[in-house]
Structures are given as C-alpha cells and as structure tokens.
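Q: One structure follows; several queries about it will come next.
Each reported figure results from applying straightforward, stated rules to the coordinates on display, with no laboratory input. These numbers come from a predicted model, not from an experiment. Cβ atoms come from the backbone with ideal geometry, glycine included; neighbour counts cover every protein chain shown.
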Amino acid sequence: MLIVLVPLLLIAALAGAGVWLSQREEPATAAGTLVDQQVDGLLVGRSTDVRVPWGRLQVTTTEPVDTVEGDDGTLEGSFIGIQVELRDTEDSVPVDRLPDASFLDPVFSVVADDEAWELPALSGWADGAEVEPGARRQYVAVPQDAEEVTVTMEYDGVTQTIDAATADVTIGDAAPLYDAPFPAPGGPCGDQLWSTGASAVDDAVSGCFVRSAATRPYVAGLGWAPEDSRWLVVTVVPGAPTAFEGRRGTYEVPASGVETSYGLGFEEPVEVYAANDLLPDSAEPDPLDPQVVVFEVPADRGPGQLDIRSRLTGELQDGRRTRTARALVVQGAFV
C-alpha cells in the first residue's frame, strides 16, 4: 500500500505547487492603469490642503496597496489611492472673475520616477462660475520599485507638488494664493472736487462709496498676475450726483448723462465691469449698479487713492429751450 500512496502524494504536492507558482507569476497591473472608485467612507492616508483661486482642496494619498477592486474584478500590483475633497470656497471673492469668464479645473497627475499619468476622475469641480462640492477618488498603478512618487496639481500653468509619502507640499509660483490678504472693508468716498463753474446741489448729494478692495494673484479671465505684481480688485458704487449748479442755474443729470472713469495715482485700470453682469439670470440686479475696477499693482504696494471721475452732462429747461452744460466731479477713496 505504501508503494502506491507515496507517488500519489508526490503528484498532489507537485500539482499544488504548480497552482501556487502560477498565482505568484501573475503579471502585475501595468503602471499607469487607472481605477475609478466611488467615495464611500474614509480613505486612510496622509492629507494636506492645497489652494486654488476659487477655494481650498484637501488631497489624501494612501500607502501603496497590492490589490484594488476594478470593474473587471480584483487587480494586483502596486497602487496609490488619491482622494480630493472641496473644503471651502471662502477664499473666493465673487467679483474675482470677468463677465463670461469661467473658473478652471485643476489637473491632477501622479508622477513616479519622472513618468506621469493624469487623473481625470479628480477633475470636474468647476462649471462656469459655479464650483461643485464633494469628493473624488481614483487609484493609479505605479511601478513596484518606484523610488519617488508625487501628486501634482496644475492650475492654469502653475503647478504644486505633493510628496505622496509625506504629504509635504511644494507650492512654487502658487505661493501668493497662501498669503493673500482678506478683502479690506470699504467706506464712503471723500469730498467732491468740481470743475470750474460747477458746484454741488444740496439735495443731489453723491452716493459714492467703496464696498471692498482685495489684492489677488489671480482673476478668472485675466489669469495670474505678472511676476511681482497683483490684481487689485475694487468694488465701488460711483454714485454720481444727479444735478449740479452751473452758470445759468441747476442742471439735472439723466442716467445717460454720466460717464465714469477711474484712476489709481497715474495708473489706469486693466478692466472695468458691472458687478451685476456676474449675477446668474435668476438673481435680482443691484439697483446701485456697483462697478468692479481691476488694477495691476506691485506685490508690496501700500494703500493708495482711487479716483472716481464722473463727467456729467446736465440739462436746464429755460422756457421752451433746453440748455446743456458739462461738468467734472472727482472723488477719492483709499484702497
């Protein structure tokens, strides 16, 4: 009996070893293979925050894992999981966008030993002027012997790099996003300065005031400010007088009789647009019609005076005749 049993046991052992060897020799999933996953529960890994012009994102990277579940079953190899979650949009000033300009999506990629793979499932945040909340998750296969793995986030040509092993961030040229000051509160404009021959009417006082002023490294539609510069974004209600005293009496100024321009010292604005033009179609326009004025300023600038110049064309009814007169009124505000 022993003579028969030993060969049978040997054959069974060899067969089992063959199965084990075949499993071990299963080729690893090719580097760069992407596996989308629904965000379901907490992703265990290292997290860090990165900033984009319209808000703040939390990026989490996992340790390398041997298997992930894909659409076609379990995949084997070496995989890094990346999750991106919108933390807030508090840093975004609503007027930091030209009319008809859209917010951009950041582009995420994984780089392993200088070979890069884009992660499209981590995009889809920006939709025109809106930002979609939530979280997105994707796995990518990397070489098992990769010495360095990083996650990059590129926004309109500026790249930030996250070390997948430590979650340390190299912010590079995006540094101004991290030290941007809060918007400064506004206030009323100063005294009116009138051109020769014109003066204020007591019951036609100007409603000029500045709502806010913010220094920003990026404005949608303008892009990143030039090196060593920033965009100064001022929201102002010009509030031009509705009448003025002229040589022949009181001239009434219709809405069509006002032309307003702006200056910051000797600098002219890069862009001027109505804040109402940024509102969605369903929103009620602001009856005060605030204007957004954008200047390019030095990164280390101090406070300066914004000049609001209103050129007025007034009308005076003199019997059957309508007389017209022109006047210039200038007001200033520190921004």
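Q: Grab the DSSP H runs of the chain that are 4 residues or longer, score each as -39,500 (n - 2.57), total them, divide by all residues and round the 222 nm result to the nearest 500 deg cm²/dmol. Don't jump to the answer; show the numbers that get you there.
A: Values: 2 runs with 27 residues, N = 335.
After summing the helix terms and dividing by residue count, I get -2500 deg cm²/dmol.
Q: So, how do all the Cα-to-Cα distances of segment 184-334 break down into 5 Å bins, in percent, from 0 on up?
A: 2, 9, 17, 19, 16, 14, 10, 7, 4, 2, 1, 0, 0
Q: Also: Can you tell me the dipole magnitude for segment 29-177 around its Cα centre, using point charges on the Cβ only (Lys, Arg +1; Asp, Glu -1), in Debye to the nearest 20? Working shown, then result.
A: On the way: 7 positive and 31 negative charges, 88 e Å.
Dipole magnitude for segment 29-177 comes out near 420 debye.
Q: Using the C-alpha atoms of segment 29-177, what convex hull volume per residue, in cubic angstrom, is computed?
A: 112 Å³
Q: Take the chain, connect every pair of alpha-carbon atoms lying under 10 Å apart with a spring to form a Gaussian network, then pick out the residue of LEU34, LEU279, LEU177 with the largest mean-square fluctuation.
A: LEU279
Q: Follow-up. Could you identify which residue out of ARG56, ARG247, ARG46 has the top mean-square fluctuation in a GNM of the chain using Cα springs shorter than 10 Å?
A: Greatest mean-square fluctuation among the candidates belongs to ARG247.
Q: With charges only on Cβ, +1 for K and R and -1 for D and E, what is the dipole size of segment 115-193 about its Cα centre, in debye, rounded to 20?
A: For segment 115-193, the charge dipole is close to 320 debye.
Q: Compute the whole-percent fraction of alpha carbon pairs in segment 121-268 spaced more than 28 Å apart.
A: The calculated P(r) of segment 121-268 puts 50 percent of pairs beyond 28 Å.
Q: Per residue of segment 319-325, what does 6.51 cos²θ - 1.76 cosθ + 1.60 with θ = phi - 60° give for ³J(HN,Hα)? Whole Hz please, x for Gly and Pro, Karplus curve as stated.
A: Per residue, the Karplus-derived 3J(HN,Hα) values read x, 8, 9, 9, 9, 10, 8 Hz.
Q: Out of THR60, THR29, THR324, any idea which swings most in a Gaussian network model of the chain, alpha carbons joined below 10 Å?
A: Of THR60, THR29, THR324, the most mobile in the Gaussian network model is THR324.
Q: Relative to the longest principal axis of the chain, what angle (0 to 90°, nearest 10) does the C-alpha long axis of helix 2-24 take?
A: 20 degrees
Q: Rounded to the nearest 20 debye, what is the charge dipole size of the chain about its Cα centre when +1 sits on each Lys and Arg Cβ and -1 on each Asp and Glu Cβ?
A: 1740 debye
Q: Can you give the relative contact order of segment 184-334 as a percent, counting alpha carbon pairs under 8 Å and 6+ residues apart?
A: It comes to 28 percent, rounded to a whole number.
Q: Just need the relative contact order of segment 29-177 here, percent rounded to a whole number, with Cα pairs under 8 Å and 6+ apart.
A: Normalised by residue count, the contact order of segment 29-177 is 27 percent.
Q: Additional query: Using 1/(1 + (r/R0)^6) with R0 = 30 angstrom and r between the beta carbons of PHE266 and THR196, what's the FRET efficiency to the nearest 0.05?
A: Efficiency, rounded to the nearest 0.05: 0.85.
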